[in-house]
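Q: Please find one structure pasted underneath; my questions will follow.
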Amino acid sequence: MPGLARKVIVCAAVDGLILQPLYSKKDQRSPSLIQLKYGDASVSTVSRESAPDLSNPNSSFEAFGIVGVVSVFRYNYLISITRRQQVAQIRGLPIYVVTEVALTPCSSQEDASESVTKTAIALSARASDQSDDESSDEDDIIPAGSGDEGVDPEGDAQWATESTPSTTARSSVAEDVISRKGSYGRFAQRWFSKSGWTMDQKRNMGLSVDAPEQAAGDVQPGDKQGQPKSVPKTFPLPNDAASNEDSVSLLPKLLRTTQIFYGSSRTFYFSYDYDITRSLANPKVPETSLVPLHAHVDPNYFWNRHIMKPFIAAGVDALALPLMQGFVGQRSFTVDSQPPQVDDAAKDSVELSNLHGDSAAPGPPAPEQSTTPDARSTQKKFDITVISRRSIKRAGLRYLRRGIDEDGNVANSVETEQILSPAEATFDPGAKIYSFVQIRGSFPLFFTQSPYSLKPTPVMQHSQDSNFAALKKHFDRLSQKYGSLQIVNLVEKHGVEATIGRRYEEVIKRLNDESGSDAEKVAYEWFDFHQVCRGMKFEKVSLLLEILGSKLESLGSTVKVDGQVTAKQTGVLRTNCMDCLDRTNVCQSSFAKYILDAQLKEQGFDMSVQADQENAWFNTLWADNGDAISKQYASTGAMKGDYTRTRKRNYRGALTDAGLGLTRLFNGMFNDFFLQTTIDFLLGNVTSLVFEEFEANMMTKDPAVSVMKMREQAIELCQKRVVADESEEFIGGWTLLTPTVPDTIRSASFEEVVLLLTDVALYLCRFDWNLDKVSSFERVDLAHLQKIKFGTYITSTISPAQVDEMRNVGLVIEYKPGSTDVTRINTRSLSSSWQSRSQATREQDAVEAEEADKSPDKVEPTQSSSTSAATAPAAETPAPTSAKPAAAPPTGITGFLTRRVVGLPQATPARKIALKALYSQTSAADPAAAEVAKKDEPGAVTRLTEIQEVIVIAAEIERLAIQKQSRLAGKKPEEANLIEKGDIISLADAKKNTGLLEQLGHSIKKMVWA
């Protein structure tokens, strides 16, 4: 594949930011200059004459790659990688983690130059301590002779040679040990420093240990006084943002969150030459050297694809560096095919020194195993690499992204691959490379949980058919990609988790019953982790291995020899618990160890007789993987990490887990909302309008849920349930907002309802969007309409979007109730609330309901929403009855739940239905609309504005109402008018009614969440 730029020089010119890619020595391409134009950040290639004079100090800086361009409102920022750390290498190809990024504005030369200067100063101040940025960041793994960073500054790159400071490192042994912290120097520094002790204690407690980073602004010996060593982390509003300050008030927080997300979170990985998004069993076919890396990677794990679009569209493949979120880690270990025998008595005597176990002070960290000249001939050194790939589908945080979406994508979907290969130093092209893949993911069901509880109860959503359809899509996709499937469900069989566990089991049974053959059936194992391992006896996970051992062996591993796949894994384990974090981490590491032992045994190495039985290299690797996945989904390290690291569980680990639980609760209540909004925006799931919505509500909706499709389905369902008279002609349906309290205009809260219009009546349906049911409806005969008023309808003045008089509009329908007008509540949807009532009372209510249904003012009742139209019994949809004398109004529970208008006097006051239009433009990204806008086709269908939609609805209702009212028959069109224009709630009135407490409450929310 065409080579990616190893480094990029960034500077500010007159017309835009200038980027110069620098390639490795083996790539002989002539570097060209790329320009990001100020204003729209359009990407183009420019001549070398456009390059500015870089003789001035700090007029440019070097980056290790480009993440992309983030565009919010009318402002654009270039994201570049300023620090990285090598974490692994596969077949001599290094893999890095991003540890810091810089955001450079593309608004004007003044703003860009100032940002470039600050970044350059920070990087040069850091370089005064480090002869090379890579030598410090990558001191854990330094590839021997990889040649990756052999950037050629000669030839046609004279401009770069003049501006790039020399970073040639001296090869003194003393400098390597002291200044550059060589291997022995690093060992001594970590052992004799306080941080070394602290980190070792953290490891013993099961906590993850991040590499210590120097704080910004710290002054070290030899530093230039007062110069920061980190790139700018504060982002003031642009100079021209004063007139539009309200709409960009969240911009500084967005930029800072973006910088943390891509940089200091240390969760994004990349490689210039190796595709880390694909497992050995899932290569891209056909694999050709002409395909750039961004076109070769798996799009499900290409996290910066959306913000990289400007470079991809412009054909600048050299800068299109794909990033993957997840984890990459690597350890080396040595095994012996004929390990020396250890005398049992001597072994026991040695163990006497460790009688105190956990209470003893931690000892010095053991150096990594290495093959020395005295190594036995029967020994062999291996590398074990773990790569976890987090999907961009339904990506997000713990309680804000749960379950499945209608396309079959689940939350916290992670593919984890364990690779076993000979050590890089002794790599043989003919040696076997083993790959074993596991996956995890949330329950493939529609459900939610509240973030305001330590252990919230799962709330199931949507119908059983909707859940089954989404689950089937999910497993069909997994089967196509991986082969056979084995589900491992780790939730409790009792308590709050049991409900969703049983539902999952029922749907899987239905899936298997409808499958064509045994080969297509999904194996299911429900292992109650908490019950089996109660009392901190996590070693009982071995019981699960006994159950699934034969299944693991049948799935096998993918084996690659000399670049060719000689064996392929035939299926995959899909493990889940409630969050797919803590219990899942413990079990997946156990599965991986089981497979690793089998792979080594196939090559003649029995792990059960090795001298090293603790396998700390394996445990810490998988514990780091669990912590990384947990931080990305729950903002903390993984619980039960002490067991994963040490294979021991004690009270200290339990106390640590309690602290992690409280931290997760705090993050879920306060920090996750804005971060979730940022993730959706950076992935392209929403537009910049999401920040207007967030400022109004301090939270956003799930963009994976197709709101438009849900509304269409709700309208169709309401039509089937509510319009019972087949002689009525259905005209149209809309979704609008209405006060929660009926017959009023002002309300503390509004709900989304469905409005149906036939040639006879108007139906206002209150809909349960979680259960896909009609909870109640109100029928109004068009002959009883008196007036329709439309105009400004402002319900809050808290955010700028809510005071826009052009977008906040609605209509009020006034009518005189008559004998054919009715309000009905779906009693079936509330039946669970009355299960404790006596059988006699229920029978009495049934008799009263039957009598009420025979009254002459009866409107045909709808079927219960809990019964589908296709399967509803005939008894639930009674046929129309002949007119009989009016019955008395129903009493009891039926009278409470069903209100009818019977024999109303003429003085009955008029009632009103207030409706407010939904915003026509939402934050949900609409690719189809974007393509139409680009084409600018004449006559293209566009969405109606809010006021246009209100006028259309009002006009249609008026037209049909006039036909039904005899008092208006024969009048001229201008006289037969039911519509009037006027403010429903004006801006001035809304401001008067917005209380101080409401404003204060919103200010506190904004301070906490934004």
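The values are calculated or read from the model by the stated rules, or taken from the named source; none is laboratory data. Since the structure is predicted, the reported quantities are computational estimates derived from the model, not experimental observations. Positions of Cβ are generated from backbone atoms using ideal geometry, with glycine treated the same way; all protein chains shown enter the neighbour counts. Side chains are part of the model used for accessible areas, which takes the heavy atoms of the whole protein and leaves out ligands, DNA and RNA. Shrake-Rupley method; radii C 1.70, N 1.55, O 1.52, S 1.80 Å.
Q: Starting from region 529-551, take each residue that is under 20 Å from GLY501 (Cβ atoms) and list its partners that are among the small types (Gly, Ala, Ser) and open to solvent by 70 Å² or more (accessible area, probe 1.4 Å), counting only C-beta distances under 8 angstrom and pairs at least six apart or across chains.
A: none
Q: Also: With the condition kept exactly as written, say whether any residue in region 396-407 is modelled with pLDDT of 90 or more, assigned to a strand (DSSP E or B) and crowded, with 20+ Cβ neighbours inside 10 Å.
A: Within region 396-407, one or more residues are modelled with pLDDT of 90 or more, assigned to a strand (DSSP E or B) and crowded, with 20+ Cβ neighbours inside 10 Å.
Q: Residues in region 51-100 that are outside any strand (DSSP E or B) and open to solvent by 50 Å² or more (accessible area, probe 1.4 Å): how many? Give the derivation first.
A: Restricting attention to region 51-100, the residues satisfying the condition of being outside any strand (DSSP E or B) are 51-59, 64-65, 73-74, 91-92.
Of the ones still in play, those that are also open to solvent by 50 Å² or more (accessible area, probe 1.4 Å) are 53, 55-58, 73-74, 91.
Summing the residues that are outside any strand (DSSP E or B) and open to solvent by 50 Å² or more (accessible area, probe 1.4 Å) in region 51-100 gives 8.
Q: In region 101-110, is there at least one residue being farther than 24 Å from LEU683 by Cβ, open to solvent by less than 20 Å² (accessible area, probe 1.4 Å) and not polar (S, T, N, Q)? Steps first, answer last, please.
A: Taking region 101-110 and keeping what is farther than 24 Å from LEU683 by Cβ, we get 108-110.
From what is left, the residues that are open to solvent by less than 20 Å² (accessible area, probe 1.4 Å) are none.
No: region 101-110 contains no residue that is farther than 24 Å from LEU683 by Cβ, open to solvent by less than 20 Å² (accessible area, probe 1.4 Å) and not polar (S, T, N, Q).
Q: Can you pull out the residues in region 461-501 that are part of a strand (DSSP E or B) and either surrounded by fewer than 17 Cβ atoms within 10 Å (Cβ to Cβ) or not aliphatic (A, V, I, L, M) (or both)? Reasoning before the result, please.
A: First, the residues of region 461-501 that are part of a strand (DSSP E or B): 484-489.
Listed by number, the residues that qualify are SER484, GLN486, ASN489.
Q: From the residues in region 507-519 that are more than 21 Å from SER466 (Cα to Cα) and assigned to a helix (DSSP H, G or I), which one is least open to solvent (accessible area, probe 1.4 Å)?
A: ALA519
Q: Given the residues GLU751, GLU692, GLU712, GLU726, which is the only one that is in contact with a helix residue (DSSP H, G or I) (Cβ under 9 Å, 6 or more places away or on another chain) and among the charged types (D, E, K, R)? Steps first, please.
A: Values: GLU751 fails: in contact with a helix residue (DSSP H, G or I) (Cβ under 9 Å, 6 or more places away or on another chain); GLU712 fails: in contact with a helix residue (DSSP H, G or I) (Cβ under 9 Å, 6 or more places away or on another chain); GLU726 fails: in contact with a helix residue (DSSP H, G or I) (Cβ under 9 Å, 6 or more places away or on another chain).
Checking each option against the conditions leaves just GLU692.
Q: Please find, within region 410-450, the residue that is farthest from ARG574 (Cα to Cα) out of those that are among the polar types (S, T, N, Q) and within 15 Å of the chain's Cα centre (by Cα).
A: Applying the first criterion (among the polar types (S, T, N, Q)) to region 410-450 yields 412-413, 416, 418, 421, 426, 435, 438, 442, 448-450.
Cutting the leftovers down to within 15 Å of the chain's Cα centre (by Cα) gives us 412-413, 442, 448.
Working: ASN412: 12, SER413: 10, SER442: 10, THR448: 21 Å.
It comes out as THR448.
Q: Follow-up question, since we're still on this one. Does VAL760 satisfy the condition of being crowded, with 17+ Cβ neighbours inside 10 Å, farther than 21 Å from GLN713 by Cα, in contact with a helix residue (DSSP H, G or I) (Cβ under 9 Å, 6 or more places away or on another chain) and of a type outside the set (Gly, Ala, Ser)? Break it down stepwise before answering.
A: Details: crowded, with 17+ Cβ neighbours inside 10 Å: yes; farther than 21 Å from GLN713 by Cα: yes; in contact with a helix residue (DSSP H, G or I) (Cβ under 9 Å, 6 or more places away or on another chain): yes; of a type outside the set (Gly, Ala, Ser): yes.
Yes; evaluated as a whole, the condition is true for this residue.
Q: Same structure, new question: Looking only at region 926-984, filter to residues that are at pLDDT 85 or above and open to solvent by 100 Å² or more (accessible area, probe 1.4 Å); which one of those is farthest from THR792 (Cα to Cα)?
A: GLN963
Q: Here's a follow-up. Looking only at region 49-62, count how many residues are at pLDDT below 80 and closer than 15 Å to VAL14 by Cα.
A: The total comes to 6.
Q: Among the residues in region 572-584, are any open to solvent by 40 Å² or more (accessible area, probe 1.4 Å) and either of a type in the set (Lys, Arg) or closer than 21 Å to TYR434 by Cα (or both)?
A: Within region 572-584, the subset open to solvent by 40 Å² or more (accessible area, probe 1.4 Å) is none.
Scanning region 572-584, I find no residue that is open to solvent by 40 Å² or more (accessible area, probe 1.4 Å) and either of a type in the set (Lys, Arg) or closer than 21 Å to TYR434 by Cα (or both), so the answer is no.
Q: I would also like to ask the following. From (1) touching a strand residue (DSSP E or B) at 6+ places or on another chain (Cβ under 6 Å); (2) surrounded by 18 or more Cβ atoms within 10 Å (Cβ to Cβ), pick out the condition that doesn't hold for TYR504.
A: Just one mismatch for TYR504, condition (1).
Q: Looking only at region 408-450, count every residue that is open to solvent by 10 Å² or more (accessible area, probe 1.4 Å) and among the aromatic types (Phe, Trp, Tyr) and tell me the total.
A: Count: 2.
Q: Same structure again: So which residues in region 594-614 are modelled with pLDDT of 85 or more and not in a helix (DSSP H, G or I), if there are any at all?
A: GLN603, GLY604, PHE605, ASP606, listed by residue number.
Q: Within region 265-316, restricting attention to residues that are over 21 Å from SER71 (Cβ atoms) and of a type in the set (D, E, K, R), which residue is surrounded by the fewest Cβ atoms within 10 Å (Cβ to Cβ)?
A: At the first step, the residues of region 265-316 found to be over 21 Å from SER71 (Cβ atoms) are 265-267, 269-293, 295-298, 300-301.
Keeping just the survivors that are of a type in the set (D, E, K, R) gives 266, 273, 275, 278, 284, 287, 298.
Values: ARG266: 19, ASP273: 17, ASP275: 20, ARG278: 19, LYS284: 14, GLU287: 11, ASP298: 19.
Per the criteria, the residue is GLU287.
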